[in-house]
Amino acid sequence: MTAPTRLAHFLRPCALLAALGLVAAGCGDDPNPDGGTAQDLAKASDLTMAKKDIAQPLPDLPQEEPDLAGTPEDLANEADLANEADLAGNQNGDFDLPAADLAVEVDLAMNPDLAMPAPPDLTALPDLTPLPDLIVPGCGADNAPCQVNNQNGLCKNNLCAPCADPADDAACNKAYTVGPTTFLCAAGVCAPGNCKKNPDCLNPAGQICGLATPNLCGKCANDAQCVAGYGNGFVCNPMTGTCVSGACALKDNTACAQNGADVCCAMACTPGNCCDDQYCKTLKMNNAYLCSNHTCTLCDVVANKTFLVDPVNGNDAGATGSGTGGGAPTAACAFKTISRALLAIGPNPPAGTRVMVKGPSTVDMGESYPIQVPANTTIIGSGAVTVKVPGNGSGFNLATPLSALANLTLDGSGNTALNGVLVRKGASECGIENLVIKDFLREGILVTDGTLNIYYGVSSTNNGTVASRRAGLRINGVGKVSIKSTAGQPQTSFSGNSGFGILVEAAGGVQIIGAPGVNGAGTVVANNNYYAGLWIQQTPTLQNLPPNVINGLVAWTNAPYYGVRLYGGAAVKMRNCYILSNASHGLIVTPWVSGMTRNNDTSKIDLGKLGDFGKNTFQAPLGQAQNQGSGLCFNLDDNANQALQAAGNIFAGPKDCSGMNPGALVRIANTCAKNSDVGFTGIGNSIITANCTN
């Protein structure tokens, strides 16, 4: 492996655009720069699973549970939901990251232009585990419709429970279907839908599952969508909205019958109107014309694998993406839309391919959402570029190796667009940097498979609504993410979201490297979220769960709940984190619950050990950004016989437990008391806080 370079370091478009005459010379730098109960969030109706009250509730703490069972929207347009989760691909139970640096590096020899550390994994949603304690007693006959946490469930043994995906598809359809609308089970919820993968779309065949709405078949609009959905060799028939074979038996330079916007070249349809230069010279009666990217044009051929997009003055009809004609800067030789540039690039571009979008500009009309980023391709803004995603659309889909986004603002149109960035099966070593993702209806970033690197300057904020509380970053399925912004680099933030800053579920995993500051500052922060800055709820019944390694995260002023919440069975290591000023507990550990199964295993949760102290800051003195509940709350069942490893951390005082004889911590027996250092409940459980006593 050669040394990695920063993603932004090779993305310096100003000089290139100035040379092409598309911006003025000297255009400036690129943008870079409480105490709770055991069921502290459970609804009052969850009577059968309620644990004993282990503390006095904090004033005005809403007793509601975040809905992790999901809605059909949680599937995030995943076309192959039921079958895409491939847990066998993670048999080592880790990210295979170097011990010295949690980010994977991309070999520069493979991609000299896009050299960047690789992230972990993100895409398809396998069986999403609903939030614990959502089983509601008192129900009807088996498979009768019922409501569990305000979501459509099914009666099972006189309990209202989330449906089982895909076993309960038929039961959901029978229980909920009215008129032509069909239902299926998606992520534990009986939801409207007629597909989970493309072959399910039969009326007519060739539609794309989840293209516009999760679990619903949608009609294609262009060839790129069909290539992404069905593979190379497919084109879109715009008359029927279906993906069909692109084979043709016509002579070259003849319009294809399947799609009049395609031309038949070498017995295959491709977007454009020509196959060779001579045809264009004859057609245009001008020997200066060339056939470039199957388009007759006077524009020059693209150089340096860089395709220019000018949303204001570009031209999708005759441009090549070079930005020049006859060697002279020509705005009309840049494309107008990113989608048209990607059609010209094709599905298999060489390493280091770039789509450079000129700013200041707004990308909106004319795009096909979600924009499918090909392998080896970076879409980068030059100047202020806002991608305004329309309602019910999602911004970008990363489902190929070495695809990347940089220097863009993704705008969810007032929380009406669905997701900003989707990361799915097929994504590997993808990256985002200097990206603002804001105001989406669902998660700003949803990773359900593959691997994603999140570098410095990324902000995912104000995603979700009060009616549908969502995360800035949600990692589900078998997705893995690496977040890295070190001292001196611009902040990466998952703050101000309606639900969570970072949410990790199922067999997903996250690794974070940050540098905390003071008063909520730091290079990786998860502040001002509703349920928690970081919430890790892996499914312990799945094999080889990846470790979550958290170093230097700041979780500050999350309200009305927690800085961090961890569940039994999760694999977590935390070091050097700064968890203060939260409205309830700083960090709480609770059992993982599914139906009648409760998992209290905390053997894989490591908040600090002798010889490897945690150095996490969990509590501060009164009036100095203290957590309103316990700094560290260990809230397990009786007789779980668990000892939480939390040696060498920092509490009110400040009291540094990594020092010699630091003394005792503030704890009130058998409760997570308000403003205390530590609290734990359940007979037989304890917290190892060496060198402090508790």
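The values are calculated or read from the model by the stated rules, or taken from the named source; none is laboratory data. Given the structure is predicted, the values throughout are model-derived calculations rather than measurements. When we count neighbours, we look across all protein chains shown, and the Cβ atoms used for this are built from the backbone with ideal geometry, even at glycine. The area values use the complete protein model at the heavy-atom level, side chains included, leaving out ligands, DNA and RNA. Shrake-Rupley method; radii C 1.70, N 1.55, O 1.52, S 1.80 Å.
Side notes on the structure shown:
- Residue, farthest from the chain's Cα centre (by Cα), within the stretch 167-177, restricted to residues that are open to solvent by 20 Å² or more (accessible area, probe 1.4 Å) and not hydrophobic (A, V, I, L, M, F, W, C): K174
- Matching residues in the stretch 675-684 - criterion: being in contact with a Phe, Trp or Tyr (Cβ under 6 Å, 6 or more places away or on another chain) and open to solvent by less than 10 Å² (accessible area, probe 1.4 Å): D677
- Of all residues in the stretch 360-371, those that are small (G, A, S) and touching a Ser or Thr at 6+ places or on another chain (Cβ under 6 Å) total 2.
- Condition check for G659: in a strand (DSSP E or B) and open to solvent by less than 30 Å² (accessible area, probe 1.4 Å): no
- Filter pass, N462 being in contact with a strand residue (DSSP E or B) (Cβ under 6 Å, 6 or more places away or on another chain) and open to solvent by less than 10 Å² (accessible area, probe 1.4 Å): no
- Taking first residues from the stretch 163-185 that are closer than 13 Å to K196 by Cα and partners that are surrounded by fewer than 19 Cβ atoms within 10 Å (Cβ to Cβ) and of a type in the set (V, I, T), the Cβ contacts under 6 Å between residues at least 6 apart in sequence or on separate chains come to F183/T177.
- Residues considered: V312, V301. Of these, the only one that is under 30 Å from G391 (Cα atoms) and open to solvent by 20 Å² or more (accessible area, probe 1.4 Å) is V312.
- Failed item in (1) modelled with pLDDT under 95; (2) farther than 24 Å from A559 by Cβ; (3) crowded, with 20+ Cβ neighbours inside 10 Å, with N635 passing the rest: (2)
- Of all residues in the stretch 545-564 being under 21 Å from the mean Cα position of the chain (by Cα) and open to solvent by 10 Å² or more (accessible area, probe 1.4 Å), the one that is nearest to Y456 (Cα to Cα): N551
- The stretch 178-193 - residue that is in a loop (DSSP other than H, G, I, E, B) and of a type outside the set (S, T, N, Q) and, of those, farthest from the chain's Cα centre (by Cα): G179
- Of all residues in the stretch 595-618, those that are more than 30 Å from the chain's Cα centre (by Cα), more than 30 Å from K156 (Cβ to Cβ) and in a loop (DSSP other than H, G, I, E, B) total 3.
- A single entry from G246, G229 fulfils the requirement of being open to solvent by less than 40 Å² (accessible area, probe 1.4 Å) and at pLDDT below 90: G229.
- Cβ pairs under 7 Å, 6+ apart, first in the stretch 461-489 and on the phi > 0 side of the Ramachandran plot, second surrounded by 19 or more Cβ atoms within 10 Å (Cβ to Cβ) and among the acidic types (D, E): N462/D439; G477/D449
- Applying a threshold of 7 Å to beta carbon distances and a minimum spacing of six or more residues, or different chains, the list of pairs starting in the stretch 593-616 at a residue that is within 17 Å of N685 (Cα to Cα) and ending at one that is of a type in the set (D, E, K, R) and not in a loop (DSSP other than H, G, I, E, B) reads D606/K573.
- Positions within the stretch 186-215 being open to solvent by 60 Å² or more (accessible area, probe 1.4 Å), touching a Pro at 6+ places or on another chain (Cβ under 9 Å) and of a type in the set (A, V, I, L, M, F, W, C), in sequence order: A205
- Here is the figure for the stretch 619-636: residues that are within 14 Å of V572 (Cβ to Cβ) and either within 28 Å of the chain's Cα centre (by Cα) or among the aliphatic types (A, V, I, L, M) (or both) total 1.
- Number of the condition not met by A221 [criteria: (1) modelled with pLDDT under 90; (2) touching a Cys at 6+ places or on another chain (Cβ under 8 Å); (3) open to solvent by less than 20 Å² (accessible area, probe 1.4 Å); (4) small (G, A, S)]: (3)
- Residues of the stretch 155-166 satisfying the condition of being over 15 Å from S594 (Cβ atoms) and either crowded, with 22+ Cβ neighbours inside 10 Å or at pLDDT 85 or above (or both): C155, P166
- Which listed residue, of N434, N529, N519, is polar (S, T, N, Q), open to solvent by less than 20 Å² (accessible area, probe 1.4 Å) and not in a strand (DSSP E or B): N529
- Qualifying positions in the stretch 370-400 - open to solvent by 30 Å² or more (accessible area, probe 1.4 Å) and either part of a strand (DSSP E or B) or of a type in the set (S, T, Y) (or both): Q372, T386, K388, T400
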